[in-house]
C-alpha cells in the first residue's frame, strides 16, 4: 500500500476515533429497500431520484425516492415521525434524526461527511453563495458540535421550501468523491480491528505492513 493511501486512511480513522470512543450501542433504523448502486432510472425521469443513505454502522447505499413520498420515506429510514433537514448550504439536504437521535450512537461516516462539506465550502472547493459561506464560517467558529450526526443520515438535494429533491450535479459529484473516501475509512477500520485483535497497544505500533489484494 502506498504511503499516500495509508496516510489518507489513518487521517480518517483518527477523526472517527474521537467520535466513536465509548459510544452506546443502538439498533439500526429501518433503511427500507436500498442498494449499493444508484437506482436504475433515478435522477432522470418518471419522478424518481436517488438519495444516499449512511446507516449508523457505516454501511452506505442508494435509495430511490419520489417527490410524492420522499419525506415519508426518509422519516421511516431515520425512525422519526417528523423530520427537517440541516439547512446548511442551499441545495444540499442532510437529513438526520431529531429528538430520538441522541439516544443512538454517533454515526462517524455521516459526521465526517458533513464536516467535510463545511471544510470544502470554506476552502472554496464547493461553490456556494456569500450568504451560505458566511453561515458555514460562523458555524465552524462557534459550534461544530452541531454537526454531529446520531443514527442514520440521508443526503438529498434540497428545494427552497426545504423538501427533498434530486441532487444537483455538483452535489452528485461531491457525493461520489465522498463515497471513495468513506471506502478508505472502512478499509482502515478493518485494518484497525485486525491490529486490535493482536492485543498490541496502539502506542506500540510503529509500522503496519498490508498485503493488498484487488478484485477483478
**Message:** Just to be sure I understand, how many residues within segment 46-99 are within 23 Å of residue 160 (Cβ to Cβ), in a loop (DSSP other than H, G, I, E, B) and in contact (Cβ under 8 Å) with a residue 60 or more places away in the chain?
**Reply:** 4
**Message:** Quick test for you: out of 118, 154, pick the one residue that is in contact with a strand residue (DSSP E or B) (Cβ under 6 Å, 6 or more places away or on another chain) and within 15 Å of residue 174 (Cα to Cα).
**Reply:** 154
**Prompt:** Which residues, counting only those in segment 146-176, are at pLDDT 90 or above and in a helix (DSSP H, G or I)?
**Reply:** 169, 170, 171, 172, 173, 174, 175, 176
**Message:** Going through 62, 56 one at a time, which residue ends up being over 16 Å from residue 156 (Cβ atoms), surrounded by 13 or more Cβ atoms within 10 Å (Cβ to Cβ) and at pLDDT 50 or above?
**Reply:** 56
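Select from segment 107-146 the residues that are closer than 21 Å to residue 79 by Cβ and without any contact (Cβ under 8 Å) to a residue 60 or more places away in the chain and list them in ascending order.
If the condition is that a residue be closer than 21 Å to residue 79 by Cβ and without any contact (Cβ under 8 Å) to a residue 60 or more places away in the chain, then 107, 110, 114, 146 are the ones that fit.
Are any of the residues in segment 145-152 within 22 Å of residue 48 (Cα to Cα) and in contact with a helix residue (DSSP H, G or I) (Cβ under 6 Å, 6 or more places away or on another chain)?
Yes: one or more hits.
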**Item:** Candidates 192, 197 - the one that is surrounded by 11 or more Cβ atoms within 10 Å (Cβ to Cβ) and part of a helix (DSSP H, G or I)
**Value:** 192
**Prompt:** farther than 22 Å from residue 92 by Cα, part of a helix (DSSP H, G or I) and within 19 Å of the chain's Cα centre (by Cα) - does that describe any residue in segment 204-215?
**Reply:** no
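For every residue, the table says whether it meets (1) surrounded by fewer than 18 Cβ atoms within 10 Å (Cβ to Cβ); (2) under 18 Å from residue 51 (Cα atoms); (3) touching a helix residue (DSSP H, G or I) at 6+ places or on another chain (Cβ under 8 Å).
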{"position": "70", "(1), (2), (3)": "no, yes, no"}
{"position": "77", "(1), (2), (3)": "no, yes, no"}
{"position": "93", "(1), (2), (3)": "no, yes, no"}
{"position": "110", "(1), (2), (3)": "no, yes, no"}
{"position": "114", "(1), (2), (3)": "no, yes, yes"}
{"position": "134", "(1), (2), (3)": "yes, no, no"}
{"position": "166", "(1), (2), (3)": "no, yes, no"}
{"position": "172", "(1), (2), (3)": "yes, yes, no"}
**Fill in**
residue 86 vs (1) touching a strand residue (DSSP E or B) at 6+ places or on another chain (Cβ under 6 Å); (2) at pLDDT 90 or above; (3) surrounded by fewer than 20 Cβ atoms within 10 Å (Cβ to Cβ): all pass except (2)
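The values are calculated or read from the model by the stated rules, or taken from the named source; none is laboratory data. On a predicted model such as this, the values are computed, not experimentally measured, just so you know. When we count neighbours, we look across all protein chains shown, and the Cβ atoms used for this are built from the backbone with ideal geometry, even at glycine.
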